[in-house]
1. Extending each Cα 7 Å along its Cβ direction at Lys112 and Ile9, get the distance between those two points in nm, one decimal.
2. For Lys33 and Ser17, calculate 0.36 nm times their separation in residues minus their Cα-Cα distance, and state this gained length in nm to one decimal.
Amino acid sequence: MLNVNVSDIIAFYATLSSDVHSKPAGHVIFFDKITTNHGGAYDGSSGKFKAPVNGVYVFSLTIRLWGGSSHTYHGTFQLMVNGAVIFNVYPDTHNKADFGVSSGTAVLTLEKGDTVHVVSKESKNYIEGDEPYSSYFSGFLLK
């Protein structure tokens, strides 16, 4: 068995507890089903990670989108740091009623207090959340 002192670890993994429907453009996505939150830096009620220490961090984002007649067939989701876009992911169902998945990963140098979160650039999205681990946001301190 691996003996790890978790008090030295900063890491989180969060998914959606349910599907997310038609929020306004620019809304923060609350990944509210928290599986791991060592260090307590991720807040599922705000959807934001706040760096507790200076360091190099790794963040991953996967979005599974449902496209259909009452929802868009594609979406743009942005990983943000202190309000600045770091990267976009673009799930696309190619104009049919189906699922589209897109992922991204970033390695970032953050200062204590910097915030990281995910926003939807468009409205009328339907993000799959009730399937286990179909959309998630995670991050950890590398060094």
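1. 2.3
2. Here the answer is 5.2 nm.
Quick note: the coordinates plus some simple rules give every number you see, no bench work behind them. Values in this document were obtained by computation on a predicted structure and should not be read as measured data. All Cβ positions, glycine included, derive from the backbone under ideal geometry; neighbour counts span all protein chains shown.
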